[in-house]
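Read through the structure below, which is laid out as structure tokens, and then see the notes.
The values are calculated or read from the model by the stated rules, or taken from the named source; none is laboratory data. Owing to the predicted nature of the structure, the values given are computational and were not obtained by experimental measurement. Virtual Cβ from ideal backbone geometry, glycine too; neighbours counted across all protein chains shown.
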Amino acid sequence: MAAPKRGRSASAQSKPGRSLALILIAIVALTGGMFASGNTTPRLGIDLAGGTSITLQAQNEPGQPNAINKTNMNTAVEIMNRRVNGLGVSETEVQTQGTSNIIVNIPKGTNSAEARQQVGTTAKLYFRPVLAQEVSAGAAASASPSASASGSSSASPSASPSSSASSSEKATGSSSASPSSSASPSSSATSQGRAVTEALKAGSTPSSSASASSSASPSATSSADASASASASAAASKLEAEYTALDCSKATQRATAGKTAKPADATVACGQISGVWYKYVLGPARVDGTDVKKAQAVYDTQTASGWQVQMTFTGGGAKKFADVTAELAKNASQPTNEFGIVLDGEVVSSPTVSQSITGGQAEISGSFTQQEAQSLANVLSYGALPLSFKTQSVTTVTAALGGEQLHAGLLAGAIGLALVIIYLVAFYRGLSLVAIPSLLVSAVLTYAIMSLLGPTIHFALNLPAVCGAIVAIGITADSFIVFFERIRDEIREGRTLRPAVERAWPRARRTILVSDFVSFLAAAVLFIVTVGKVQGFAFTLGLTTVLDVVVVFFFTKPLMTLLARRKFFASGHKWSGLDPKGLGAKAPLRRTRRPAGPVAGPVDPKEA
């Protein structure tokens, strides 16, 4: 049993170059990716690079005079924080100020316009059936051919704000559906109004059904029904006039369209497709944002059809969604088989439905880019804030104070690193030729990964994160010291260097793994239970702890194995740090042979 084990050990000793080659390839790949992508420096947080600070003031919802309370404010902060930090450690800070204000600090380098829209979009999210849709009058001249009706249920796009997608979009459960289409831009005002009136009278809204019922049998209606019918007709006429006059290409009209509509009322709204504005007539809300349990953007790897948004509804929301999709699926023509996803009075998407979607899960698919899919998923996941908010101020934050602190922190880190190197050289002498390159490899890997994480998960390096990197110097140096001391212990026992390295490694490895696991666990817990800047510290500490294990296993140990073959170290030179005399080693362990027979010698007088 012992022979095969020694054989594997010898094989591992003879090929340490493989491990060194692997880590060299990793370094080349990471640094190459860093320069190829143009991200040669880590993205800095607001305290180091400056940025934008937004102050939002909470507003009571109509009929809810006591909506501004600690619970609702904390919920709003949590939702906003998830919106702006939904892709990773972007270091955007969201916190309350007083009883009714929320401060949002967005670091430089973040898409501040998008982040501003994410936190400023604070109204309720609703799913409303689409009653009518067409290119807005002012945008008709610039509308692309794909935006007009094509006579096919799968040819034209659905609305998505600030989206450049021009292909189909559909909502599916176990079925496939087709995208929205639009009416001809040449429709006259009369035909627009007639389309709205017919849609309302077709029973798309509760009020319209009452109106239709009363007009069908006027002799049978009561005075109350007649009053309700008159009210519904007045509402339909008002909506008809609003739709006819609405020009979504004008920002002033978009700012007010549908913003004050109640969930139970039909309304008009605007939505944008490929830079062209469309106007809609929408029925009463059938599902709201609180009914969406989870939404996420995923890439369809099975059919490679691109990015899609997957929705999961709550128990009550699943039933509501199944009911509304069953009703929409009965309509064979567009746009009356579509539902509009409406946030802040703006249609962010309007997929069509071909059959009832049950089970509490649905997908919205089309030619989404990753950013478009993630933006829509954010809207669906976090669109139901308990309060509405008004932007009080938007100010630019300078990085003067953070810059001074950064220089002080970097100076402290440089001094600490210099002291560690001096200690290693003075105490371990030649072994510093292993420790110092290991520190450099760890630093290169950390820098390259941080630079690449900026554009991928929006990681931003702030002052606490810099502190985490400085603390990591001690963690990494500690791993080397554990290994070196184990080797020295073996030499004190009388072993030569090469077997001492191999015998020391298993025990040093266990100690290093346990120590790093404790550090990583602490970093993970800190990352989970905290927010903002402290998360940056925890993330950096966890990252450098993982890299410490990688460097020790794939660089430090193989390099030590190679140097153990050199005469300078193997002979125990006094400057190698492994001098047996200096370490107080025992006499070398040697094997002795037992004599084959009796040994002749003087006879004990007592025995004689």
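Tell me, please, whether a residue that is at pLDDT 85 or above, touching a strand residue (DSSP E or B) at 6+ places or on another chain (Cβ under 9 Å) and surrounded by 15 or more Cβ atoms within 10 Å (Cβ to Cβ) can be found in the range 31-52.
Yes, there is a match, as at least one residue in the range 31-52 is at pLDDT 85 or above, touching a strand residue (DSSP E or B) at 6+ places or on another chain (Cβ under 9 Å) and surrounded by 15 or more Cβ atoms within 10 Å (Cβ to Cβ).
At least 2 residues that are under 32 Å from the mean Cα position of the chain (by Cα) and free of Cβ contacts under 8 Å to residues at least 40 places away in the same chain in each: list the strands (runs of 3 or more DSSP E) lying fully within the range 318-371 that qualify.
Filter on the range 318-371 gives an empty set.
Is it true that residue 288 is at pLDDT below 85, of a type in the set (D, E, K, R) and either outside the structural domain of residue 346 (by TED's automatic domain parsing) or surrounded by fewer than 20 Cβ atoms within 10 Å (Cβ to Cβ) (or both)?
yes
Restricting to the range 243-263, what's the tally of residues that are under 22 Å from residue 125 (Cα atoms), modelled with pLDDT of 85 or more and surrounded by fewer than 17 Cβ atoms within 10 Å (Cβ to Cβ)?
The total comes to 0.
Which is touching a Leu at 6+ places or on another chain (Cβ under 8 Å) and at pLDDT below 85, of 448, 460?
So the residue among 448, 460 that is touching a Leu at 6+ places or on another chain (Cβ under 8 Å) and at pLDDT below 85 is 460.
Considering only the range 457-473, I want to know if a residue exists there that is closer than 30 Å to residue 568 by Cβ and without any contact (Cβ under 8 Å) to a residue 40 or more places away in the chain.
No, the range 457-473 has no match at all.
What's the number of the condition residue 585 fails, among (1) within 18 Å of residue 427 (Cβ to Cβ); (2) modelled with pLDDT of 85 or more?
(2)
In the list 517, 568, 527, which residue meets the criterion of being of a type in the set (Phe, Trp, Tyr), closer than 17 Å to residue 478 by Cβ and either free of Cβ contacts under 8 Å to residues at least 40 places away in the same chain or exposed (fewer than 14 other Cβ atoms within 10 Å of the Cβ) (or both)?
Every option except 517 fails the conditions.
Considering only residues that are farther than 19 Å from residue 341 by Cβ and of a type in the set (D, E, K, R), look in the range 229-279 and name the one that is nearest to the chain's Cα centre (by Cα).
Checking each candidate, the answer is 250.
Assess whether residue 424 counts as being surrounded by 14 or more Cβ atoms within 10 Å (Cβ to Cβ), of a type outside the set (Phe, Trp, Tyr), closer than 13 Å to residue 469 by Cα and in contact with a Phe, Trp or Tyr (Cβ under 9 Å, 6 or more places away or on another chain).
No: the conditions fail for residue 424.
Can you give me the number of residues within the range 540-578 that are among the charged types (D, E, K, R) and either outside the structural domain of residue 442 (by TED's automatic domain parsing) or within 16 Å of residue 500 (Cα to Cα) (or both)?
Summing the residues that are among the charged types (D, E, K, R) and either outside the structural domain of residue 442 (by TED's automatic domain parsing) or within 16 Å of residue 500 (Cα to Cα) (or both) in the range 540-578 gives 4.
Could you tell me which numbered condition residue 562 fails, if it satisfies all but one of (1) among the aliphatic types (A, V, I, L, M); (2) within 30 Å of residue 462 (Cα to Cα); (3) at pLDDT 90 or above?
If we test residue 562 against (1) among the aliphatic types (A, V, I, L, M); (2) within 30 Å of residue 462 (Cα to Cα); (3) at pLDDT 90 or above, just (2) comes out false.
Among the residues in the range 381-394, are any in a helix (DSSP H, G or I) and modelled with pLDDT under 75?
Looking for residues that are in a helix (DSSP H, G or I) and modelled with pLDDT under 75, one finds at least one in the range 381-394, hence yes.
For the range 85-112, which residues satisfy the criterion of being among the hydrophobic types (A, V, I, L, M, F, W, C) and at pLDDT below 70?
87, 89
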